[in-house]
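Following: one structure in structure tokens, then a few remarks.
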Amino acid sequence: MSFMKNRAGSLFLALLTAVMVGVSGCSTTIGELPSEPAPALSANLADSYLLEPGNRVRLVTFNETNLSGDFTLDPLGNIAVPLVGNIAASGVTARVLAHRIEEALKRNNLMQDPSVSVEVQTFRPFYVLGEVRQPGEFPYTSGLTVLSAIARAGGYDYRARKEEVVLVRVVNGEQKEFKAIERTPILPGDIIKVLERRL
């Protein structure tokens with residue numbers, strides 16, 4: 001009988017150990033910070049941001065109010081410009097799009113020397129995950145830092161490791177993780193992961 005009790009006790013202890021290991025391993029916010037620091041300076045969005053379906057842009061054609069206005073990229077990544085028709089806009093910068101519109105205006109004999117500028121009005125959203133009060137997706141605005149992004153997510157929760165976070169960013173088509181601090185600038189599409197502090 002004592003053998004059975006000892007065996008049952010050993011099985012229970014082994015099961016309890018396995019459960020505790022499983023629980024500690026399942027937490028997605030406990031982990032180490034990457035060693036590579038995040039870039040300290042953000043790129044100039046006007047020169048680097050690639051448009052995608054759903055983005056809204058402001059088109060200004062000099063001295064032509066009927067060829068100016070706000071436009072949204074359709075699901076195929078085009079914008080419908082008055083008198084010109086659809087212009088492919090997805091995957092290019094605002095500057096390249098402005099050049100494409102100028103070329104279309106010349107090609108259709110609408111203007112001899114058009115001057116077009118394009119300004120991005122809405123960007124890809126950013127995400128805040130982990131130990132914050134309201135994790136989720138948020139609209140991007142120029143000038144955001146890690147700290148202002150966390151503020152949009154309701155601030156740190158009581159378990160959070162503060163001041164340093166994991167920043168996930170797509171670089172040259174590949175997702176990379178960086179160690180970031182509160183004043184690190186963020187870009188459209190970035191993911192901020194706030195880790196749980198070690199007790």
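The values are calculated or read from the model by the stated rules, or taken from the named source; none is laboratory data. Remember, predicted model here, so these are calculated numbers, not experimental data. Don't worry about glycine lacking a Cβ; one is built from the backbone with ideal geometry, like all the others, and counts go over all protein chains shown.
Quick grid of which residues meet (1) charged (D, E, K, R); (2) outside the structural domain of Ala40 (by TED's automatic domain parsing):
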site: Ala104; (1), (2): no, yes
site: Ser115; (1), (2): no, yes
site: Glu137; (1), (2): yes, no
site: Thr141; (1), (2): no, no
site: Gly154; (1), (2): no, no
site: Tyr158; (1), (2): no, no
site: Glu177; (1), (2): yes, no
site: Leu187; (1), (2): no, no
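Can you tell me how many residues in the range 75-114 are part of a helix (DSSP H, G or I), more than 23 Å from Tyr49 (Cβ to Cβ) and among the hydrophobic types (A, V, I, L, M, F, W, C)?
Qualifying residue count for the region: 1.
Any chance you could count how many residues in the range 115-138 are of a type in the set (Asp, Glu) and either part of a strand (DSSP E or B) or touching a His at 6+ places or on another chain (Cβ under 9 Å) (or both)?
Residues in the range 115-138 being of a type in the set (Asp, Glu) and either part of a strand (DSSP E or B) or touching a His at 6+ places or on another chain (Cβ under 9 Å) (or both): 2 in total.
When the range 170-195 is examined, which residues are found to be surrounded by 18 or more Cβ atoms within 10 Å (Cβ to Cβ) and basic (Lys, Arg)?
Once the filter is applied, which keeps residues that are surrounded by 18 or more Cβ atoms within 10 Å (Cβ to Cβ) and basic (Lys, Arg), the range 170-195 yields only Lys193.
Within the range 139-158, track down each residue that is assigned to a loop (DSSP other than H, G, I, E, B) and more than 13 Å from the chain's Cα centre (by Cα).
Result: Gly143, Ala153, Gly154, Gly155, Asp157, Tyr158.
Answer yes or no as to whether Glu64 is within 21 Å of Thr141 (Cα to Cα) and charged (D, E, K, R).
No, not satisfied.
Every residue in the range 75-93 that is loosely packed, with under 14 Cβ neighbours inside 10 Å and of a type in the set (A, V, I, L, M, F, W, C), please.
Leu76, Ala80, Leu83
Filter the range 56-74 down to the residues that are at pLDDT below 95 and not in a strand (DSSP E or B), then identify the one that is surrounded by the most Cβ atoms within 10 Å (Cβ to Cβ).
It comes out as Leu67.
Condition check ((1) of a type in the set (A, V, I, L, M); (2) surrounded by 19 or more Cβ atoms within 10 Å (Cβ to Cβ)) across all residues:
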| residue | (1), (2) |
| --- | --- |
| Phe123 | no, yes |
| Phe126 | no, yes |
| Val132 | yes, yes |
| Phe138 | no, no |
| Gly143 | no, no |
| Val146 | yes, yes |
| Ala149 | yes, yes |
| Gly154 | no, no |
| Asp157 | no, no |
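Show the residue pairs that are 6+ apart or on different chains and have beta-carbon atoms under 6 Å apart, the first residue being within the range 124-150 and of a type in the set (Asp, Glu), the second being in a strand (DSSP E or B).
Close Cβ pairs (under 6 Å, with a partner that is in a strand (DSSP E or B)) amount to Glu131/Ala160; Glu131/Val194; Glu131/Glu196; Glu137/Tyr127.
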